[in-house]
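Heads up, the thing below is written out as structure tokens.
The values are calculated or read from the model by the stated rules, or taken from the named source; none is laboratory data. Here the structure is a predicted model, which means the values were calculated and not measured. Counting neighbours? That spans all protein chains shown, and the Cβs are built from the backbone with ideal geometry, glycine included.
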Amino acid sequence: MVLPLYVIEAVDVRRADETDTSRALLLEKLGLPALKRVSAEHKPGGGVGGIEFTFPQIEKVEPKFAIKGGIDLDATTKFGFSNGVYNKWVFAGAWRDKRTGLVVPARAIIAGIISDWEPDEAAPGELAGCTHALKEVSHYEFLLDGAEIFYWDFWEREGRSGGVSWMSDVRSALGS
């Protein structure tokens, strides 16, 4: 099987519950969060070497996006908590499969808080920009062409890759 070669042709970031908050014309960069398994190193005193064990958990998730063309008033005026709840975001992309020529939608749905706002240095005649980072992320799912690739939710105690739960046997052992 030949794996697809995707080229990102367009991106957008918007609030999930406010579809008119598109940043498609302002967005300069979109950073989906890195996914890294939690691990612990073990060096047995009587062993011949160390090992790093991985667990069915991931380290904190911190996506970010950068805009050009001024200040993102929607993001800065609702900096941090908005009415005491997490903000839910859609990171959207149009990915073209170079072999088939078809464009497929990519979606990341993320619940978190904009905790970092970093304006760029700018001079007259330059487009001012700023970077926004989300922290305290409690939900992250990634879909490609409608198919679930990755799902993680802190409060649900659920993580899945390709639809397969990492924690179902653990939850069962705990009786939940």
Close pairs from the stretch 58-87: first under 30 Å from ARG157 (Cβ atoms) and assigned to a helix (DSSP H, G or I), partner among the aromatic types (Phe, Trp, Tyr) and at pLDDT 75 or above, Cβ under 8 Å, at least 6 apart: ALA75/TRP117
Subset of the stretch 153-167 [modelled with pLDDT of 90 or more and over 27 Å from ARG96 (Cβ atoms)]: ASP153, PHE154, TRP155, GLU156, ARG157, GLU158, GLY159, VAL164, SER165, TRP166
Residues of the stretch 9-23 that turn out to be within 22 Å of GLY101 (Cβ to Cβ) and either more than 16 Å from the chain's Cα centre (by Cα) or among the aromatic types (Phe, Trp, Tyr) (or both), as a count: 2
Any hit, the stretch 96-103, residues being closer than 14 Å to PHE142 by Cβ and of a type in the set (D, E, K, R): no
Residue check for ILE109: part of a strand (DSSP E or B), under 30 Å from GLY175 (Cα atoms), of a type in the set (A, V, I, L, M) and in contact (Cβ under 8 Å) with a residue 40 or more places away in the chain: yes
Among residues of the stretch 5-26, those that are touching a residue at least 60 places away in the same chain (Cβ under 8 Å) and not in a loop (DSSP other than H, G, I, E, B), counted: 10
Unique residue being surrounded by fewer than 19 Cβ atoms within 10 Å (Cβ to Cβ), within 19 Å of GLY31 (Cβ to Cβ) and not charged (D, E, K, R) when the list is THR131, THR54: THR131
Flag if LEU35 is surrounded by 15 or more Cβ atoms within 10 Å (Cβ to Cβ), under 20 Å from ALA106 (Cα atoms) and in contact with a Phe, Trp or Tyr (Cβ under 9 Å, 6 or more places away or on another chain): no
In the stretch 134-152, residue surrounded by the most Cβ atoms within 10 Å (Cβ to Cβ) [restricted to those that are in contact with an Asp or Glu (Cβ under 8 Å, 6 or more places away or on another chain) and more than 14 Å from TRP89 (Cα to Cα)]: TRP152
Residue under evaluation THR100, criteria (1) polar (S, T, N, Q); (2) more than 28 Å from ASP20 (Cα to Cα); (3) part of a strand (DSSP E or B); (4) touching a residue at least 24 places away in the same chain (Cβ under 8 Å), criterion not met: (3)
